[in-house]
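Everything below concerns the one structure shown next.
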Amino acid sequence: MSLKGRDVVSAKDLSRGEVELLIDEAERLRDMLKYERPLHIANGKVVMTVFLEPSTRTRLSFQYAATYLGALAMDFGATEISSIQKGESFEDTMRMVDGYGPDAIVLRQSVPGNAAKAAEICSSPVINAGDGANEHPTQALLDVYTIRRELGRIDGVSVGIMGDLRYGRTVKSLSLMLDKFNGVRIFYIAPKALQIRQDVLNELRNVKSELVENVEEVAKELDVLYVTRIQKERFADPSEYERLKGSYNINRKLLEGLPRIPIIMHPLPRVDELSPDVDQLPQAKYFEQAKNGLYMRMALLKEVLGI
Ligand code: NCD
């Protein structure tokens, strides 16, 4: 595989083989970090994080990933202290960021398609860390990495993806990522108003999908239940958000009433769709999943930096 210098804007930018190699690389780096930290394999490289939308996990895990590889992690800082506040355009901002010569740019912003635009503007490789309701490919990488670690395989798994499927970018990227594998079934579980968009379904080639409203309908089929929060910030009409908020909740009582409990994943942050009383169940994997993000992002940066 050579990901050297490549942009990663969509889950579609990676082949199945590349995803599998990244998973193996993440496992290797995880092991290596037990003995040495930082690893000094990216000395002198500079990774620039540009987060124009809120983030905890994605921003920090990329910064830690760069640091643990031995690279320098530079951060753009909050938009409030940048010239965006003075009215500088996205295009000019990205041209400037690129001009200083970072070896990779990790970008999050709210306009769907602007990650691709940045990739065109910038000569440095651009990694999309979320472009509005469109995609979040590195989250999908750590999601399939978590599934492989927990279940030993990705082929043939049945995944229930629950919550705000309409606006959730992790949902789209995870669907595209799972579509690279064989025999995967996805159950999209959501109230009608939040169901998966047809344009996402149209892109799936391999996955067998089914749309349902309640988890109970499909619980016995599931190996994984991937819960997502309502994407409050994407609603044009706040009253629609108010109407839908609290419309689904996964809690311990509900899970213990199912014929079997699947592993529970969540990209985080959670709000009220996943109760803290689930955390103690052995099937709760979301904090582990977030930690896996560090190793997967180390693997991805290592490959994109070509080291
Ligand atoms: C997700 C995102 O930003 O899309 N968060 C993350 O990166 N782990 C999910 C979310 O915000 O709901």
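The values are calculated or read from the model by the stated rules, or taken from the named source; none is laboratory data. Predicted, not measured: the structure shown is a model, and the values here were computed from it. So basically every Cβ, Gly included, is an ideal-geometry build from the backbone, and we count neighbours across all protein chains shown.
Numbers below:
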read-out	value
Tally, over the stretch 154-171, of residues that are part of a loop (DSSP other than H, G, I, E, B) and within 16 Å of the ligand (Cβ to nearest atom)	6
Some residue of the stretch 160-168 being closer than 20 Å to GLU288 by Cα, among the aromatic types (Phe, Trp, Tyr) and within 18 Å of the chain's Cα centre (by Cα)	no
Filter pass, SER55 being within 16 Å of the ligand (Cβ to nearest atom), crowded, with 19+ Cβ neighbours inside 10 Å and outside any strand (DSSP E or B)	no
Which numbered condition ALA78 misses (of (1) at pLDDT 95 or above; (2) closer than 19 Å to LEU60 by Cα)	(1)
Test for LEU39: is it assigned to a helix (DSSP H, G or I) and either more than 16 Å from the ligand (Cβ to nearest atom) or within 30 Å of GLU203 (Cβ to Cβ) (or both)	no
Residue identified as touching a Gly at 6+ places or on another chain (Cβ under 8 Å) and surrounded by 15 or more Cβ atoms within 10 Å (Cβ to Cβ) among TYR241, TYR248	TYR248
Criterion: closer than 21 Å to ALA119 by Cα, among the polar types (S, T, N, Q) and more than 19 Å from the chain's Cα centre (by Cα) - qualifying residue of SER2, SER15, SER55	SER2
From ILE261, ILE250, ILE230, residue being in contact (Cβ under 8 Å) with a residue 60 or more places away in the chain, more than 13 Å from the ligand (Cβ to nearest atom), over 20 Å from SER61 (Cα atoms) and among the aliphatic types (A, V, I, L, M)	ILE250
Any hit, the stretch 65-74, residues being more than 16 Å from the ligand (Cβ to nearest atom) and of a type in the set (Ser, Thr, Tyr)	yes
Considering residues of the stretch 276-297 that are free of Cβ contacts under 8 Å to residues at least 40 places away in the same chain and outside any helix (DSSP H, G or I) only, the residue surrounded by the most Cβ atoms within 10 Å (Cβ to Cβ)	ALA284
Total residues in the stretch 81-113, condition within 16 Å of the ligand (Cβ to nearest atom) and in contact with a helix residue (DSSP H, G or I) (Cβ under 6 Å, 6 or more places away or on another chain)	2
Test: residue in the stretch 59-69 that is surrounded by fewer than 24 Cβ atoms within 10 Å (Cβ to Cβ) and in a loop (DSSP other than H, G, I, E, B)	no
Residue match in the stretch 119-138 (condition: in contact with a strand residue (DSSP E or B) (Cβ under 8 Å, 6 or more places away or on another chain), without any contact (Cβ under 8 Å) to a residue 24 or more places away in the chain and either assigned by TED's automatic domain parsing to the domain that holds MET296 or assigned to a loop (DSSP other than H, G, I, E, B) (or both))	no
SER10 polar (S, T, N, Q) and either touching a Gly at 6+ places or on another chain (Cβ under 7 Å) or within 16 Å of the ligand (Cβ to nearest atom) (or both)	yes
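Yes or no, residue by residue, for (1) within 21 Å of LEU22 (Cα to Cα); (2) of a type in the set (Lys, Arg); (3) surrounded by fewer than 20 Cβ atoms within 10 Å (Cβ to Cβ):
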| residue | (1), (2), (3) |
| --- | --- |
| GLU150 | yes, no, yes |
| VAL171 | yes, no, no |
| LEU174 | yes, no, no |
| ARG185 | no, yes, yes |
